[in-house]
1. Kindly provide the set of residues from the stretch A:55-91 that are in a loop (DSSP other than H, G, I, E, B) and either within 14 Å of chain B (Cβ to nearest Cβ) or touching a Ser or Thr at 6+ places or on another chain (Cβ under 6 Å) (or both), ordered by number.
2. Looking at the stretch A:92-102, can you tell me whether even one residue there is farther than 28 Å from B:S87 by Cβ, open to solvent by 10 Å² or more (accessible area, probe 1.4 Å) and part of a loop (DSSP other than H, G, I, E, B)?
3. Checking the conditions here, which among B:K69, B:K62 is part of a strand (DSSP E or B), more than 13 Å from chain A (Cβ to nearest Cβ) and free of Cβ contacts under 8 Å to residues at least 40 places away in the same chain?
4. What is the one condition in (1) without any contact (Cβ under 8 Å) to a residue 40 or more places away in the chain; (2) closer than 19 Å to B:T5 by Cα; (3) facing another protein chain (nearest Cβ under 10 Å) that B:S54 does not satisfy?
5. When only residues in the stretch B:24-47 that are within 14 Å of B:R71 (Cβ to Cβ) and at the interface with chain A (Cβ under 7 Å from one of its Cβ atoms) count, which is most open to solvent (accessible area, probe 1.4 Å)?
6. Look at the stretch B:89-114 and say how many of its residues are within 11 Å of chain A (Cβ to nearest Cβ), surrounded by fewer than 17 Cβ atoms within 10 Å (Cβ to Cβ) and part of a strand (DSSP E or B).
7. Given A:L44, A:L33, which one is over 24 Å from B:S87 (Cβ atoms), in contact with a Phe, Trp or Tyr (Cβ under 6 Å, 6 or more places away or on another chain) and of a type outside the set (S, T, Y)?
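The values are calculated or read from the model by the stated rules, or taken from the named source; none is laboratory data. Worth saying up front: this structure is predicted, and the values here are computed from it rather than measured. Here Cβ is always computed from backbone atoms with ideal geometry, including for glycine, and neighbour counts include all displayed protein chains. To get the accessible areas, we keep the full protein, side chains included, count just its heavy atoms, and leave off ligands, DNA and RNA. Shrake-Rupley method; radii C 1.70, N 1.55, O 1.52, S 1.80 Å.
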Amino acid sequence: TQTVSQSDAHVTVFEGDSVELRCNYSYGGSIYLSWYIQHHGRGLQFLLKYYSGNPVVQGVNGFEAEFSKSDSSFHLRKASVHWSDSAVYFCAVTSNYGGSGNKLIFGTGTLLSVKP
Amino acid sequence: DMKVTQMPRYLIKRMGENVLLECGQDMSHETMYWYRQDPGLGLQLIYISYDVDSNSEGDIPKGYRVSRKKREHFSLILDSAKTNQTSVYFCASSSPLGPQDTQYFGPGTRLLVL
C-alpha cells in the first residue's frame, strides 16, 4: 500500500522567511515523487519531481525538494517566501496503474500562509 | 501554451438529475484522468483514459461513467446525481513517458448536488 503523509496541515510564516513543508511516503517499489501547488480556487500546478539521480531537485519560483530514501521523505523548501506563495501544497507519489497510465497518490495537503 | 480546460466551472444540480462535466486539452496527450477533491482527503482518482475508447476505473468509480471519443476531449457523466457527489472535480492529462511523466490539471469544476 502506497501512502503519502503531510504532517502539517497549516504552516504560517512571514514574507522573506524560509520554509520547509514536510512529506513522508510509504511505497515498496521505485520511487517517483512530485510536488504540486494549488492556489485558492484554482487547479493544481506542477512544481517539481524526483525520479532518479541528484536527490535535490529544483523547481519553479525558487522551490527545491530533497529526496531521502533513509527517511522516506521528500520535503519541499524555499529560502525566502513571497506573499504569492500562499497556497496549498500537495506531495504525491506516482503509482503505475497499468497500460500507459500512472496514478498520483496525493497527501492531504499543507496550507502555507505567508504574512506580510 | 499547454492547457487543460474544464466546463462548466460551477454547477448546481438537484439530486437525481444527470450531470455532464467536460474536459479538453491541447497537448495531444494520450492519457487523461478525472479526480475529485474533498476536504481532508486530497484528490482521489475516479477514472483514467489511456486513449480514445480505452478507459479504466480508478479508485472510486461508483456512480460515474466516462466517455472519450476524441483524444483531446474527456467527459465525466453522473447519471442520477447524489448529494454525496458534491465535490470539486479535476481533469488532468499526461503523456506516457512512464512514471516520471507530469500530469497537467484543469482549473476544476465545483459541483453542488442539492
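1. A:G59, A:A79, A:S86, listed by residue number.
2. Scanning the stretch A:92-102 turns up no residue that is farther than 28 Å from B:S87 by Cβ, open to solvent by 10 Å² or more (accessible area, probe 1.4 Å) and part of a loop (DSSP other than H, G, I, E, B).
3. Residue meeting the stated conditions: B:K69.
4. (2)
5. B:E30
6. 1
7. A:L33
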